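This report refers to the structure that appears directly beneath it.
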Amino acid sequence: MKLNELKVGTSGVVRKIGGEGALRRRLLDMGITPNTKIMIRKVAPMGDPIELHLRSYELTIRLDDAKKIEVEELSS
Amino acid sequence: MNNSTALKIALIGNPNCGKTTLFNQLTGSNQHVGNFPGVTVEKKEGSIRKHKGVTVIDLPGIYSLSPYTAEEVVTRDYLLQEKPDCIINIIDATSIERNLYLTLQLMELDLPMVLALNMMDEVRASGASIDIAKLQEELGIPVVPISASKNEGTEELTLRTIKIAEQQQRPKKLDFCKGYVHTAIHSIAHLIVDEAKQAGLPLRFAATKIVEGDEPVMTALKLMEPEIDIIGHIVEDMESHLKTDREAAMADMRYAYIEKVCAATVVKAGETKEHLRSVKIDNILTHKYFAIPIFLGIMLLVFWLTFGLFGAALSNLLAMGIDEFTALTSQAMQSAGVSPALHSLVIDGVFVGVGSVLSFLPTIVILFCFLSILEDSGYMARVAFVMDKLLRKIGLSGRSFVPMLIGFGCSVPAIMATRTLPSERDRKMTILLTPFMSCSAKLPIYATFTAAFFSEYEALVMFSLYVMGILVGILYGLLLQKTIYKGKPVPFVMELPSYRFPAPKTVLLHMWEKAKDFLIKAFTIIFIATIIIWVLQSFDFGFNMVTDSQNSMLASLGKLLAPIFKPLGFADWRAATALITGLTAKEAVISTFAVLMNASDTSAVISMLSEVFTPLQAFSFLTFCLLYMPCVAAMAAVKREMGGYRIALAAMTFQTIIAWISAFVVYQIGLFIF
């Protein structure tokens, strides 16, 4: 499933990072690499972007970009 | 005094890791702020206290040495070309994994380097611990635990850094990888030894950048066709074995190593107290329903405190002081028998002109006090998070929201506030759009005109002007995005740092820096501009002092320019003249009308205006006032932040053209309807 499909409060493990160029590099640089555990912390009041928790810090990305990240949901 | 030789130290780290706090602790107020050549990326330098010969350069906060943003490129170029004597890499120990990612890339540069492990106090308080000796051994560079905000460990950091720099002690270790990435890096390194030397690039850095597919490094190495082929094969081989691409492979390799290091050195007792507190605060401040009302409430409070409570009082106080001083100087000059022309130059030109601009100073200082608090506490990142969706359509991110909002108060601090935007492109676009947000200095113009022409619809006319400014801004944003700033914006992948109490020292230094910036402007650009306007206003072309303002050069200029405004409906020379004086400060538009129409007070202006304009012409004039080029203080700010006169002038000209077209459309449609 895609990262944007995870529900708030649930976590997933990154399988694949799509996208290209500056965006993809930025996602990788910020620590979204294969096998990273990501938790969906919340959704912004207007429905986009979303807040993630990974590698013990908080990161925000847009839904469009989250769609490019393939994750496997972790059962809590 | 220390007798150490001249040393150049580069301070580098992620944004929000306490880099500015450390820089301020190290240097105190011995700072010099400028730009890197050619870009509007801030460059701060200062000498370390008690070590005069040691200069610290505060490089932009970045997460990686990728070649994509102006900040990253500037940092790379600086480190590669200037080769500082030592790097202090400051990292946030509370999110050590992500912070070490930059560290690994910096180590490849083969420069002497010290790791400053910041926020160790928070880590310890949470019951966690980091094995410093082990971390040093794993990374092969010295590690100094510090707490920049409490000024703990900074003394040791300075001494260690100076020692490392003097001994030119480079990282002991470069290999973090095993397997296919390792093989690829080493094969490529062997291949490019000579090219790297020729290009002056550290070999290891060049090799890993080639594996990553980094264009600027590839170009700099001037590789030959056969080498490029071999490299292609090496990379393909690595990719097919790892079943991933080159960029992901490198990032994965680095993070895998970091995870290993952390597993061996970091004992986690759970999340830090500060982080848990931060999550709780965030639940309220970015709440689904409360986030936007809270944000508007905070901004309203800031505006009220700045432009209302403190700002107005302080501005009045300052204005009173200036008036007193003006009166005293005037008396002194008169009793000394100075010629009337010189007297008028000093009093009516310099004192009145610079004085009126100086009265902005308290507003700017107070506003930046609040902005600095909002930024340093971590709230500004949340505003970007909450507001991002609104600004995305014009190709900006939520980060631009606050500077634009401040634009409704005053364009000068708004433009100065774009400094905190994380990308150069966003910064420039925001600077260009901000003047369309109607500033508070234009209010007296609107108030006088609506009182004269639209007394029944005052609120509606005012509101329509503000909305028109925003609409034109949006259209301009779309246009910019399709023309000069086309291409992909910097991706909105942003850290939301933990909420922290802002360091008072950082806030104070920030205020001081902005105040200094503004004072320099006030006494250079603005000083000259006011003298020019005074000369134009006080003399005729024969350089005789005029008694009737109708005969001044300024009035003649107004008469000359008036026909340009004919298609907009207001070919009156007094209107054109008022628009020119409006460039010193927008409030001057109304006072010029008063002078030129020999009106004794505002109500006289109001009644006389209705004889000069029809309501439609008046509205067209207001449209032009709303949109045309900003006052000299704002122009000076644009010049400084855009990095040059030429681009600032182009921006001003274009803005005035937009104003002309908009007023033309308003007037012609008005003629058609009424």
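How much length, in nm to one decimal, is gained on full extension between B:Ser603 and B:Ala447, taken as 0.36 nm per residue of separation minus their Cα-Cα distance? Please report the intermediate quantities before stating the final value.
Numbers: separation 156, 0.36 × 156 = 56.16 nm, distance 1.15 nm.
Taking 0.36 nm per residue and subtracting the Cα distance, the gain is 55.0 nm.
For the stretch B:179-267, carbon and sulfur atoms together expose 59% of the accessible surface, with a 1.4 angstrom probe and every protein chain in place. In order along the stretch B:203-215, phi translates into HN-Hα couplings of 4, 4, 4, 4, 5, 5, 5, 5, 4, 6, x, 7, 4 Hz, rounded to whole numbers, per the Karplus curve 6.51 cos²θ - 1.76 cosθ + 1.60 with θ = phi - 60° and x for Gly and Pro. Assuming charge only on the beta carbon of Lys and Arg (+1) and of Asp and Glu (-1), the dipole of the stretch B:179-267 about its Cα centre is about 440 debye to the nearest 20. Given +1 at the Cβ of Lys and Arg, -1 at the Cβ of Asp and Glu and no other charges, the dipole of the stretch B:193-342 around its Cα centre is 940 debye to the nearest 20.
Taking Lys and Arg as +1 and Asp and Glu as -1, the other residues whose beta-carbon sits under 13 Å from that of B:Thr329 total -3. Applied to the stretch B:68-75, the Karplus parametrisation 6.51 cos²θ - 1.76 cosθ + 1.60 on θ = phi - 60° returns per-residue 3J(HN,Hα) values of 9, 9, 4, 5, 5, 5, 4, 5 Hz, with x for Gly and Pro.
The accessible area of B:Met320, taken with all protein chains in place and a 1.4 Å probe, comes to roughly 120 Å².
Please identify the GluC sites (Glu not before Pro) of chain A that satisfy two criteria: DSSP loop assignment and at most 14 other Cβ atoms within 10 Å. Which are they?
Values: sites: A:Glu5, A:Glu20, A:Glu51, A:Glu58, A:Glu70, A:Glu72, A:Glu73; in loops: A:Glu20.
Sparse-neighbourhood loop GluC sites (Glu not before Pro): A:Glu20.
Rolling a 1.4 Å probe over the protein heavy atoms of chain A, with every protein chain left in place, gives an accessible area that is 48 percent carbon and sulfur.
In percent, what relative contact order does chain B have, based on Cα pairs under 8 Å that are 6 or more apart in sequence? Write out the running numbers ahead of the final one.
On the way: 981 pairs, mean separation 71.9, N = 674.
That works out to 11 percent.
Taking one quarter of the surface of the convex hull spanned by the alpha-carbon atoms of the stretch B:7-167 gives a direction-averaged projected area of 8.9 nm². For the protein assembly as shown, the Cβ-based charge dipole about the Cα centre amounts to some 500 debye (Lys, Arg positive; Asp, Glu negative; other atoms uncharged).
Could you tell me what fraction of 2.2 N^0.38 Å the Cα radius of gyration of the stretch A:3-74 comes to, as a two-decimal ratio? Don't jump to the answer; show the numbers that get you there.
On the way: Rg = 10.9 Å, N = 72, 2.2 N^0.38 = 11.2 Å.
Taking N as the residue count of the stretch A:3-74, the ratio is 0.97.
Excluding ligands, DNA and RNA, the accessible surface per residue across chain A is 40 Å² with a 1.4 Å probe. Remark: chain B carries 42 Å² of accessible area per residue (probe radius 1.4 Å; ligands, DNA and RNA excluded).
Beta bridges from DSSP with both residues in the protein assembly as shown: antiparallel share about 65 percent, rounded to the nearest 5. The HN-Hα couplings worked out from phi for the stretch B:557-573 by the Karplus form 6.51 cos²θ - 1.76 cosθ + 1.60 (θ = phi - 60°) are 4, x, 5, 5, 7, 3, x, 4, 8, 4, x, 8, x, 10, 7, 6, 5 Hz, whole numbers, x standing for Gly and Pro. Could you tell me which of B:Leu568, B:Thr592, B:Leu508 has its Cα farthest along the dipole of the stretch B:497-601 towards the positive end, charges placed at Cβ (Lys, Arg +1; Asp, Glu -1), taken about the Cα centre? Of the candidates, B:Leu508 comes out farthest on the positive side.
Just the number, please: carbon plus sulfur as a percent of the accessible area of the stretch B:1-89, 1.4 Å probe, no ligands or DNA/RNA counted.
Working: 1500 of 3190 Å².
The C+S portion of the solvent-accessible surface of the stretch B:1-89 is 47 percent.
When the Gaussian network model of chain A links Cα atoms closer than 10 Å, the mean-square fluctuations of A:Gly21, A:Gly12, A:Gly47 top out at A:Gly21. Ranked from largest, the principal axis spans of the Cα set of chain B equal 86, 59, 53 Å. When the accessible areas of A alone and B alone are added and the area of the pair subtracted, with a 1.4 Å probe, the result is around 3700 Å², both sides summed.
Provide B:Ser147, B:Ser455 ordered by accessible surface of protein heavy atoms (probe 1.4 Å), highest first. Don't skip to the answer; put the middle values down first.
Values: B:Ser147 0, B:Ser455 80 Å².
My answer, sorted largest first, is B:Ser455, B:Ser147.
Net length available on complete extension from B:Ala650 to B:Ala571 is 25.9 nm, with 0.36 nm assigned per residue and the Cα-Cα distance removed. Distances between placed amide hydrogens fall under 5 Å for B:Met113 paired with B:Ile87, all partners being 5 or more residues away or on another chain.
The values are calculated or read from the model by the stated rules, or taken from the named source; none is laboratory data. What you see is a predicted model, and the numbers here were worked out from it, not measured in a lab. Counting neighbours? That spans all protein chains shown, and the Cβs are built from the backbone with ideal geometry, glycine included. What goes into the accessible areas is simple: the full protein's heavy atoms, side chains included, and nothing from ligands, DNA or RNA. Shrake-Rupley method; radii C 1.70, N 1.55, O 1.52, S 1.80 Å.
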